[in-house]
Amino acid sequence: SNERIVMTWNHNSDRDHSDIITSYLEKFDLVFLDETGFLNLFHRVSINALRELKEEASRSASCLDSPMLDGFNDVFLQPVEFIPKYDHIISFKYPTFSNSS
């Protein structure tokens, strides 16, 4: 994907982070720098994960804004099951070893 997203802190400082941002964009599709400009908080976040987050945030905002729904309860107090959210779940069981003689 050619999509790139950059988020930084704006402190109205004299410091120019463009060279740092350019170097991060060579390695990551998403860049969200901390205050120092040296830590990419989104280093393990994919574009697809960000899209999913945006979609869920939009649904939550719509639910909270709806006069027909109990938005707060629906968004914050109802448990969401993991299983129906995804098609496949893989679980690995590792053998345990005992140190008996």
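The values are calculated or read from the model by the stated rules, or taken from the named source; none is laboratory data. Just so we're clear, the structure is a prediction, and the values are computed from it rather than from any experiment. What goes into the accessible areas is simple: the full protein's heavy atoms, side chains included, and nothing from ligands, DNA or RNA. Shrake-Rupley method; radii C 1.70, N 1.55, O 1.52, S 1.80 Å.
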Heads up, I need the accessible area for I47: 1.4 angstrom probe, whole protein in place, Å², nearest 10. 20 Å²
Taking amide H atoms as placed 1.01 Å from N in the peptide plane, list the residues 5 or more away in sequence, or in a different chain, whose amide H sits under 5 Å from that of V31. I5, V6, M7
I'd like the Karplus ³J(HN,Hα) series for the range 60-77: coefficients 6.51, -1.76, 1.60, θ = phi - 60°, whole numbers in Hz, and an x wherever there's a Gly or Pro. 5, 4, 5, 5, 5, 7, 6, x, 8, 10, 8, x, 4, 4, 5, 7, 9, 10
